[in-house]
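Note sheet for the following structure.
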């Protein structure tokens, strides 16, 4: 049979007293005289109506629908620009590489293979 632990009221009270005693030993920062005499002599700030403050706060908020539309349009324009630039560069780079490879293949065909090159090509690449 499982027995349930039921705390005694005195153990709870002892815990609270111990926490209070330990917190009494803590050192608090010196808060006295942290306010300068100029600050003590200063007037209270003026009370202003809250409506203009709330209107100003709402005006500075970001409109999610407008922001999403702007960002989606900008992303589409950037994608289109990147595809135009990337295609032109890729085609130029690919055509230049293809021309180099064709020239190299023509040189190799014209030069022919030596007996050592034929042996090397005949070998198993795993060796």
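The values are calculated or read from the model by the stated rules, or taken from the named source; none is laboratory data. Because the structure is a prediction, the values reported are computed rather than measured. Positions of Cβ are backbone-derived with ideal geometry, glycine not excepted, and every protein chain shown enters the neighbour counts.
Being more than 41 Å from the chain's Cα centre (by Cα) and surrounded by 10 or more Cβ atoms within 10 Å (Cβ to Cβ) holds for only one residue in 71, 78, 15, and it is 15.
Quick one: is residue 45 out of contact with any helix residue (DSSP H, G or I) (no Cβ under 7 Å at 6 or more places or on another chain), modelled with pLDDT of 80 or more and either at positive phi or assigned to a helix (DSSP H, G or I) (or both)? No. Right, residue 84: outside any helix (DSSP H, G or I) and without any contact (Cβ under 8 Å) to a residue 60 or more places away in the chain or not? Spelling it out, it is not the case that residue 84 is outside any helix (DSSP H, G or I) and without any contact (Cβ under 8 Å) to a residue 60 or more places away in the chain.
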